[in-house]
1. Based only on other Cβ atoms within 10 Å, what is the fewest-to-most ordering of GLU186, GLU160?
2. So how far apart, in nm, are the two label points at GLN123 and ARG57 if each is 7 Å from Cα heading toward Cβ?
3. How many percent of Cα pairs in the stretch 398-453 exceed 19 Å?
4. For the stretch 446-502, report the translational diffusion coefficient in µm²/s to the nearest whole number, using Stokes-Einstein at 25 °C, 0.890 mPa s, and a Kirkwood Rh over Cα pairs.
5. From a point 7 Å beyond the Cα of SER149 in the direction of its Cβ, which residues of the stretch 98-135 have a backbone N at a distance under 18 Å?
6. Among 526-537, 614-625, how do they line up from the highest to the lowest mean number of other beta-carbon atoms within 10 Å?
7. Give the peptides 70-77, 113-120 in descending order of average Cβ contacts within 10 Å, highest first.
8. When all C-alpha to C-alpha distances in the stretch 506-573 are sorted into bins of 10 Å, what percent of pairs does each bin hold, rounded to whole numbers?
Amino acid sequence: MNRTAGCPDEHPGGPAAEVWRYGILGALEVRHGGRPAALERPRHRAVLTWLLLHADRLVTTEQLVDAVWGENPVATARGRVHAAVSELRKTLRAGGSQPLVSRNGGYCLLTEGATVDVVRFRQGVDGARRLACDGDRAGAASALREGLSLWRGTALAGLEAPFAGAARAHLEEERFAAQELLADLELSLGRHQELVPELGAVLDRYPTREGIAERLVLALYRSGRQTDALAVVRRVRRRLGEEYGLDPGRAIGDLESAVLRGDPALLGAPRTGPRESAAIPAGPPERQPVVPSPGTGPSQAPGPSPALDPPAAPGPSPRSVAPQFRPAQLPPAVADFAGRCAELGELQDQLRQAAGQAGGPGLRVCAVTGPGGIGKTELALHAAHRAAGLFPDGQLHADLRGGERVPAAPAEVLAGFLRALGVPAGAVPAAAEDRAALYRSVLAHRRLLVVLDDARDATQIRPLLPGSGRCAVVVTGRSKLAGLVGAHRVDLERLDDTEAHTLFAGALGPRRAAAEPEATAEVLAACAGLPLALRIVAARLTVRRHWTVAAMSARLGDHGRRLDELRIDDLAVRTCFETSYRRLAAPGGRGRAPDPARAFRLLGIAPGSVISRPAAAALLDLSPRQADEVLEHLVDAGLLESPAPAHYRLHDLLRLFAAERAAAEESEAARRAAVERVTDWYLGGLVEADALLFPGRPPAAAPAVPLTAYRDDRRVTDGAAGLRAVG
């Protein structure tokens, strides 16, 4: 099992015991040697469940406090977490080794040698996808059934911790994805009648799952039960209307029409030839199932599966290893997307031009950049979904995990892309360079859209770029991705007041926002145009119907607790900022390399909202050249804005976070000295301005830090500019 950074590589005291069995696909179950472990206290069960959800990864005490108590932890929460972990360690020590270890201010549950049902389930699903890519549909279906058999009921059943709802929903979505993929495989194998009772039972339990309904309709129709198939569509339409006021999606409507007219395509096109099993044949009409890459749900794309070309010669040529699968990997876009009209228009124009150039010499790459929480992924996915029809050969998507300590390796992503494009697992080259070359070859004659989310830098992106101008790429990243030469750049800033109001009212409900216009305006001001903050506040108000917008505004009014309020479940503005803060590294250069993390912290306590480069040099006790180096590094990292040349500002919420880090990591003396330096610098500017305006007046007392100590050689800052900065 791969280790995540920060987790030890082996158990202390010897190899892991081989007899522990953990289960969360149902009620929490822990067994040792076939006997259940005693875990009666809800807090202990919650802590262990959280550790299992993050198995083999470091979990901090703060994360456990949030998991167990949510937004209102008790004063003794940390101590109670330590006590719970201590009791769990006693329980888990039965095998002679200790799987629950302490490291770097947190805990790690090691599962090597043990079995965890959710891990086995995911391994089974990934194995099934690989088998399907290799043409073994029966083997893939068997692997999926084995994985699904591990479910004992609703995931995390009976657990009432704050994190349980979101975690349960995520696991259940994985289960649905596996069930839908299994149905596609079984339909392709002609097992229509056997599928009917299975899919019917799932739909009875979840009557608004349209993907399950589509497959049940197809199974019924292929079993000669046209009337029953139409009844399923009517039932889904009625339930969606009654419960949500919605109509079914277009796909199920098209399927209903096809059933009514007896469309022969519903029966699936027969395949002949030695390679007939290399791809999954027809599912619902105009929505052919394809095999997604690991980590995605069951993808679907329009149109029949193209015929497969036989290999021209031995060896893994692109045409022999890559049947024309049509991946559709885009995650869902948010339903209430708002604002960003200009930026969305830019992206759509670029993608339309890319689709229209039909194999021109240059690949079109769009880079959407901006600080964490600014809405990059939402915009990219919204634009990609709108443009998906322009790229008939499908869409690829990858989360590059640029904010994590260990980002996704390009070779790992390429392997997933190649499998999604139909390359059998055994034909994926071992070397990263060979994978990239095969990837470009497979895409050479295809029109396909690639979305690369949360990139760390251009080095990570370059191997993932197709070589063909028929394709287009949308990249998101917190840094400016300056090394991505030739990319069209869309740099996102805070939403303006109108866009922020539209997003907030759409997420909360227009009536509720309109009922308290003043409080709504205060909330918008506190969120400072950050989409993530606006969505979190709207979500909190939605789940707390008794809270007024004014009550939420009052909670946000406390600057010291504002970041504490901007979190719900696994979404938190502070966590988003911490991800960017951890990435900071000294930019280097001649002489003493300035520390951008320290610069960021001190900028959080600087007076005024905008600071000039010379004033920042005084604040940071750097030369103008060093200050320019570190400030521009922060701009490139997406942590600092530059509204005018040689002038800088922090987003309001980033300023609060920077001040927090300064209080935690800088001594009081260091903070005081920094503020005194920049204040003296501003005073020096006023003294010089006074001398210029009133040459006959007796000079004022000189400041402790003369203006010339940090003056930019190209510019003298006048006293009025300094006064505005302080004010």
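1. Exposure proxy ranking, most exposed first: GLU160, GLU186.
2. Placing both labels 7 Å along Cα→Cβ, they lie 1.9 nm apart.
3. 30
4. Estimated via Stokes-Einstein, D reaches 188 µm²/s.
5. 115-129
6. Working: 526-537: 24.7, 614-625: 22.4.
Averaged packing, sorted descending, gives the order 526-537, 614-625.
7. On the way: 70-77: 11.5, 113-120: 18.1.
Highest mean packing first, the order is 113-120, 70-77.
8. Over the stretch 506-573, the share of Cα pairs per 10 Å bin runs 22, 63, 15, 0 percent.
Only the coordinates and a few stated rules stand behind these numbers; no lab work does. Please read these numbers as outputs of a predicted model, since none were measured by experiment. So basically every Cβ, Gly included, is an ideal-geometry build from the backbone, and we count neighbours across all protein chains shown.
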